[in-house]
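Read the structure below first, then the notes.
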Amino acid sequence: MKSDERAKTKINRKDVMFAGIVLFFALCIWGIMMIIQSKNGERVLIKIDGKIYEECSLSENKTIKIDNKYGMNVIVIKDKHVFAETADCPDKYCVNQGKISKSGQMIVCMPHKLVVEITGSKKKLDSVAR
């Protein structure tokens with residue numbers, strides 16, 4: 001009876017290969033994400049309720065006060081970083097997110113329907129494929 005129990009719990013070669021394949025793909029996905037986020041951004045895109053509110057360069061130092069029907073936020077662009085300085089939302093999650101500077105990073109304020117996103121350069125399309 002003990003040999004049957006041991007056979008059930010024994011790790012075989014297929015289990016090890018499966019774990020290795022899963023680990024390999026997880027590392028590949030992690031590596032791709034690190035490459036994408038390692039690029040420094042060039043533009044700051046501010047959206048409110050899904051519509052573009054303002055777009056500017058990450059290189060310019062600027063303070064943007066947003067005061068609308070959803071609430072008030074102060075977004076600061078300084079030294080090629082963006083952060084939410086103040087907000088009147090109850091949880092202040094957007095303020096606590098800290099500074100961002102890499103392409104693809106975002107600051108989100110859900111109560112105010114605000115998204116601040118770092119993007120790459122503003123390039124024109126060469127062509128459109130259909």
- Query: How large is ³J(HN,Hα), in whole Hz, for each residue of the range 106-118 in order, when computed from phi with the Karplus curve 6.51 cos²θ - 1.76 cosθ + 1.60 and θ = phi - 60°, using x for Gly and Pro?
  - Reply: 9, 10, 10, 10, 5, x, 9, 6, 10, 10, 10, 10, 8
- Item | Amide proton proximity set for residue 104, modelled H, under 5 Å, gap of 5+ | 118, 119
- Message: Need one value: the accessible area of residue 99 in square angstrom, 1.4 angstrom probe, rounded to the nearest 10.
- Response: 140
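The values are calculated or read from the model by the stated rules, or taken from the named source; none is laboratory data. Treat the numbers as computed from the prediction; the structure is a model and nothing was measured. Side chains are part of the model used for accessible areas, which takes the heavy atoms of the whole protein and leaves out ligands, DNA and RNA. Shrake-Rupley method; radii C 1.70, N 1.55, O 1.52, S 1.80 Å.
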